[in-house]
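The values are calculated or read from the model by the stated rules, or taken from the named source; none is laboratory data. The shown structure was predicted, so the numbers you read here are calculated from the model rather than taken from an experiment. Every residue, glycine as well, gets a Cβ built from its backbone with ideal geometry; the counts of neighbours run over all protein chains shown.
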């Protein structure tokens, strides 16, 4: 089963998954079959969804710029 690294990677690249994860961390993690420590679930529950989405958009932009430059 997928773990923390896979979960974070998917959240970075999949906006729909990220939205579900931030809205319902435990339910999304269980539904998708990820195995993570309870501490990560608690961190996700405490996360500000607006700030998380802004950070993800920043990563999307950085990846797009890097791809365009190569």
Please go through region 12-23 and give me each residue that is modelled with pLDDT of 90 or more and surrounded by 14 or more Cβ atoms within 10 Å (Cβ to Cβ), ordered by number.
17, 18, 19, 20, 21, 22
For region 60-69, check the following and say yes or no: at least one residue is surrounded by 11 or more Cβ atoms within 10 Å (Cβ to Cβ) and out of contact with any helix residue (DSSP H, G or I) (no Cβ under 9 Å at 6 or more places or on another chain).
no
Within region 1-23, work out how many residues are under 19 Å from residue 38 (Cβ atoms) and part of a loop (DSSP other than H, G, I, E, B).
3
Within region 16-70, residues being touching a residue at least 24 places away in the same chain (Cβ under 8 Å) and over 19 Å from residue 5 (Cα atoms) number 2
For residues that are exposed (fewer than 11 other Cβ atoms within 10 Å of the Cβ) and either outside any helix (DSSP H, G or I) or on the phi > 0 side of the Ramachandran plot (or both), tally how many sit in region 33-59.
3
